[in-house]
Amino acid sequence: MTEALLTEETPVSSSDNVILSIVDLKKVFIAKLGFFASLRRSPNRIRAVDGVSFEIRRGEIFGLAGESGCGKTTVARTALRLVEPTSGQIIFKGKDVTHVSRNEEARLRPKMQIVFQDPYESINSRFSVFDVVAEGIRINKGLLDVRSDAQISDMVEKAMNVVQLIPPSQFMPRFPHELSGGQRQRVAIARALILQPELIIMDEPVSMLDVSIRAEVLNVMIKLSQEFGISILFITHDLALAKHVTDRLAIMYLGKIVEMGQSAELIDNPLHPYAQALIAAIPVPDPDGRKVKVFAGGEVPSAISIPPGCRFHTRCPYVKELCKTAEPELRLISGEHYVACHYYEEASAAYKNSRYSSN
């Protein structure tokens, strides 16, 4: 078991290429009211995730992007059963795990791990680095057939080597307050990695780190995918980063996916007005380079009171009457490029014509 940990020959099945499928996933939260308010009206229903579907392939980095509050993190937590779904299906390795028993969930847990956004809150400050990384092994000893402390030490050392905490012997006895933010996040990745997962969800893993050390963490993430065949769900609000890191990308707005496709194609040729607005907001490092005018404006509506029809129509510059009454479905346009927009052709043409040079 130990010898197989983190080897570069990790097999990728060609017959079963999909590791995770999310089918029409919905999550509704009930907003609590005070005692007197509850006597006057019923509780508010927050539609955090409202019919999301996508799949992640083996060895793929799949990006999920959008503004804060669009439902990205709720999708991730629901996929791992950290939050119970309201409806829909979560299919892991061909098995529906939406409503599995606690015992079955415990057996699945090592194969589905998460790295949280904040490395200062997600790591127990009273644990040494060794204890942080080894904790999952100790909890799941029986499932992983680990029988000795020597085996655990060997597995911790290998995991720390993979995430470039070298030499491991210098980092193992340290405590979190003795580490930088980037080192803490790599400890969190090692903690997830040591359980030999097939899927790791990374919830904005570099958003709280300095620019100078982001590349180190991202390189670790890419290595996990390319060398070890681990699938990654990468949650981000940085589309420029997503283009270079992810294989495919889905953009969410108010609990729904509005566009999805190959990352480079989606960023270079966005079809949905919301995706266009996000991409237009990316800073261009070249002052003489091509830029895009931002047409979309206004504020994001509340998830408690989602507009009828297309939920982006209150901010869309191409809105028509149909948009206000009929919600567009996510449909295939070409290759693997999907969009949920009634007038995507008009939006695409206007976007291309709006590019201009600063000169």
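The values are calculated or read from the model by the stated rules, or taken from the named source; none is laboratory data. Since we're looking at a predicted model, the values are computed, not measured. We place every Cβ from the backbone using ideal geometry, glycine too, and count neighbours over all the protein chains shown.
Some notes on this structure:
- Within the stretch 80-93, tally of residues that are crowded, with 19+ Cβ neighbours inside 10 Å and aliphatic (A, V, I, L, M): 2
- Residue check for ARG311: touching a Phe, Trp or Tyr at 6+ places or on another chain (Cβ under 8 Å), charged (D, E, K, R), closer than 21 Å to CYS70 by Cα and surrounded by fewer than 16 Cβ atoms within 10 Å (Cβ to Cβ): no
- Top-ranked residue of the stretch 176-208 - restricted to ones that are among the hydrophobic types (A, V, I, L, M, F, W, C) and touching a Pro at 6+ places or on another chain (Cβ under 6 Å), ranked as farthest from VAL75 (Cα to Cα): LEU195
Residue-by-condition table, conditions (1) among the aliphatic types (A, V, I, L, M); (2) in contact with a Lys or Arg (Cβ under 7 Å, 6 or more places away or on another chain); (3) surrounded by 13 or more Cβ atoms within 10 Å (Cβ to Cβ):
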{"site": "LYS95", "(1), (2), (3)": "no, no, no"}
{"site": "VAL100", "(1), (2), (3)": "yes, no, yes"}
{"site": "GLU104", "(1), (2), (3)": "no, no, no"}
{"site": "ARG109", "(1), (2), (3)": "no, no, yes"}
{"site": "VAL115", "(1), (2), (3)": "yes, no, yes"}
{"site": "ILE123", "(1), (2), (3)": "yes, yes, yes"}
{"site": "PHE130", "(1), (2), (3)": "no, no, yes"}
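- With respect to the conditions (1) in contact (Cβ under 8 Å) with a residue 24 or more places away in the chain; (2) surrounded by fewer than 18 Cβ atoms within 10 Å (Cβ to Cβ); (3) farther than 14 Å from ILE22 by Cβ, PRO43 lacks only one, and its number is (1).
- Qualifying residues in the stretch 314-332 (those that are of a type in the set (Ser, Thr, Tyr) and under 19 Å from LYS256 (Cα atoms)) - the one surrounded by the most Cβ atoms within 10 Å (Cβ to Cβ): THR314
- PRO85 meets each of the listed conditions (1) in contact (Cβ under 8 Å) with a residue 40 or more places away in the chain; (2) within 26 Å of GLU135 (Cβ to Cβ) apart from (2).
- Identity of the residue in the stretch 147-160, touching a residue at least 24 places away in the same chain (Cβ under 8 Å) and buried (at least 20 other Cβ atoms within 10 Å of the Cβ), that ends up nearest to ARG186 (Cα to Cα): MET160
- Scanning the stretch 210-233 for residues that are touching a Pro at 6+ places or on another chain (Cβ under 8 Å) and either surrounded by fewer than 16 Cβ atoms within 10 Å (Cβ to Cβ) or outside any helix (DSSP H, G or I) (or both) yields GLY229, ILE230.
- Residue that is surrounded by the fewest Cβ atoms within 10 Å (Cβ to Cβ), among those in the stretch 161-188 that are of a type outside the set (D, E, K, R) and more than 21 Å from ALA215 (Cα to Cα): HIS177
- Scan the stretch 116-152 for residues that are closer than 16 Å to ARG174 by Cβ and either touching a helix residue (DSSP H, G or I) at 6+ places or on another chain (Cβ under 8 Å) or among the aromatic types (Phe, Trp, Tyr) (or both) and the total you get is 12.
- 3 or more residues more than 30 Å from ALA240 (Cβ to Cβ), more than 19 Å from the chain's Cα centre (by Cα) and not charged (D, E, K, R): qualifying strands (runs of 3 or more DSSP E) within the stretch 17-135: 18-31
- Check on PHE234, among the aromatic types (Phe, Trp, Tyr) and under 16 Å from the mean Cα position of the chain (by Cα): yes
- Applying the set (1) over 18 Å from the mean Cα position of the chain (by Cα); (2) within 16 Å of GLN117 (Cα to Cα); (3) of a type outside the set (Gly, Ala, Ser) to LEU179 leaves exactly one unmet item: (2).
- Among the residues of the stretch 333-359, those identified as surrounded by fewer than 13 Cβ atoms within 10 Å (Cβ to Cβ) and either among the basic types (Lys, Arg) or modelled with pLDDT of 95 or more (or both) are LYS352, ARG355.
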